[in-house]
Amino acid sequence: MSGKNLLLTPVTVGGKTLPNRLAVGAMECNDADSDGNPSKATYSRYEKYFEGGSGFISLEAITCQRESVSSLNQLCLTPANAKSLEKFVRHMKDINKDNAFIFQITHAGEISHPRLSKPVRVTKEPLFGYEHAALIGEDEINVIMDQFVEGAKIARDAGADGIDLKLCTGYLGSQILRPFNKDNWKYGGAWEKRRQYAFDLTERIVKEVADPNFIIGSKVTVYDGFPGGQGTAGPDTAVMDLSETIDLVKGLEERGASYIIETAGAPYHTEDLSKPSRSKPYLGYLHFYFQKILREALRPETKVIGTGYSLYRDGKQKTFRAVSPENNTLKFWGNKNIGDGIADIVSLGRQSLADASVPRKMAEGKEGEIKWCVGCDNCTVFLVSGEGGGCAVHNPALAEKLKTLKK
């Protein structure tokens, strides 16, 4: 591996050349206003992302409808929000127009907040713990797909560079793709039917947006880590079988996807797999394998964006074994995996909340000034409490807010 920092080298995604290979992952912070528009807190957070210089920035899990939402203050992508989002994008692009600003569009499905909205499921047999979710069928799914297509067009008109069709982390797209969706209906049962949901939706968005410069991709769960989840061999087994995942990403590529964001697990089901923790750091290495599987399945021009990297920081963690600190940093693994052809871009979620300026500080030779994520997961406390949040370790005001929440 050369001494050059490959994280700071350009990369082309969907025809747009980005200045570096660092991405801000989609991190929900529940800080929209009561109508789902970006609030002052949303502006402040994304200003830091754009000032920080990341080449790829995801606008978090923005919903195309308000009936089933993950939180009270989730960002919304409906006609009522169009003008507010256009203003928001224009402001961010005035700060930095060189990156790709992507809207991650989604529907929370069965993990919609039960006290604030309507959780829905697509399986007659509910996944354990989601018995309260209402069963919906083809008619309701068709309406949701219409909303996704409309949302993609609103994102384009607002000035976004593209969209991320969310097929991961237990949200509706993930629920449809799972082998657990075993009932025989339009998008259920055999894999050929389940995958068609993602294929039909991608084809419609490509056709109706009708803009070759609009970047389309998807964040995909490679392996859920529980029986019947994505990447398993059947509806009642947890045995890993990635054949469906590989077929899915190839099909998305054929239909116009320019990138795939790798992830694993689901925060509400297999949290440590979704975001590797200090107590189980070895799960972070598993993400490298998943990235390799995707990279080998796709054409070189289709970029693989890897996750799970926030854990490595500066190598000073005391939970890792059998590896020297200097060979276990964010910079080391980002450079190695890019150099080895395992991933093209490195996405930072929790680390972007701790310090959004990693790319800028690396470029300026100020790596010693980076505020590292310590893996405390207190940002999740803000998420599940429905409060706008971020990193309480490096933000004194949020540290005080966290004390109140924990009481």
Here are ALA61, ALA133, ALA100, ALA82: which of them is modelled with pLDDT of 95 or more and within 20 Å of the chain's Cα centre (by Cα)?
ALA100
Qualifying residues in the stretch 270-291 (those that are among the small types (Gly, Ala, Ser) and within 18 Å of the chain's Cα centre (by Cα)) - the one nearest to CYS373 (Cα to Cα)
SER277
Quick count over the stretch 266-283, residues being of a type in the set (Ser, Thr, Tyr) and assigned to a helix (DSSP H, G or I), is 2
Tabulated pairs, the stretch 162-186, first in the same structural domain as MET145 (by TED's automatic domain parsing) and surrounded by 24 or more Cβ atoms within 10 Å (Cβ to Cβ), second in a strand (DSSP E or B) and of a type in the set (D, E, K, R), C-beta under 7 angstrom, 6+ apart or interchain:
ASP164/LYS219; LYS166/LYS219; LEU167/LYS219; CYS168/LYS219; GLY173/LYS166; GLN175/ARG121
Within the stretch 1-36, track down each residue that is within 19 Å of ASP164 (Cα to Cα), touching a residue at least 12 places away in the same chain (Cβ under 8 Å) and assigned to a strand (DSSP E or B).
VAL11, THR12, VAL13, LYS16, LEU18, LEU22, ALA23, VAL24
Looking at the stretch 88-135, which of the residues that are crowded, with 18+ Cβ neighbours inside 10 Å and β-branched (Val, Ile, Thr) is nearest to TYR43 (Cα to Cα)?
VAL89
Of everything in the stretch 355-407, what is loosely packed, with under 14 Cβ neighbours inside 10 Å, small (Gly, Ala, Ser) and part of a helix (DSSP H, G or I)? Give them in sequence order.
GLY368, ALA397, ALA399
What number of residues within the stretch 37-57 are more than 24 Å from ILE370 (Cβ to Cβ), touching a residue at least 12 places away in the same chain (Cβ under 8 Å) and surrounded by fewer than 22 Cβ atoms within 10 Å (Cβ to Cβ)?
2
Is one or more of the residues making up the stretch 83-101 outside any loop (DSSP other than H, G, I, E, B) and in contact with a Ser or Thr (Cβ under 7 Å, 6 or more places away or on another chain)?
no
Cβ-Cβ under 8 Å, sequence separation 6+ or interchain: first residue in the stretch 372-383 and assigned by TED's automatic domain parsing to the domain that holds LYS403, partner surrounded by fewer than 20 Cβ atoms within 10 Å (Cβ to Cβ) and in a helix (DSSP H, G or I). Which pairs?
VAL381/LEU405; VAL381/LYS406; PHE382/LYS401; PHE382/LEU405
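The values are calculated or read from the model by the stated rules, or taken from the named source; none is laboratory data. It should be emphasised that the depicted structure is a prediction, and the values quoted were computed from it without experimental measurement. Cβ: placed from backbone, ideal geometry, glycine included. Neighbour counts: every protein chain shown.
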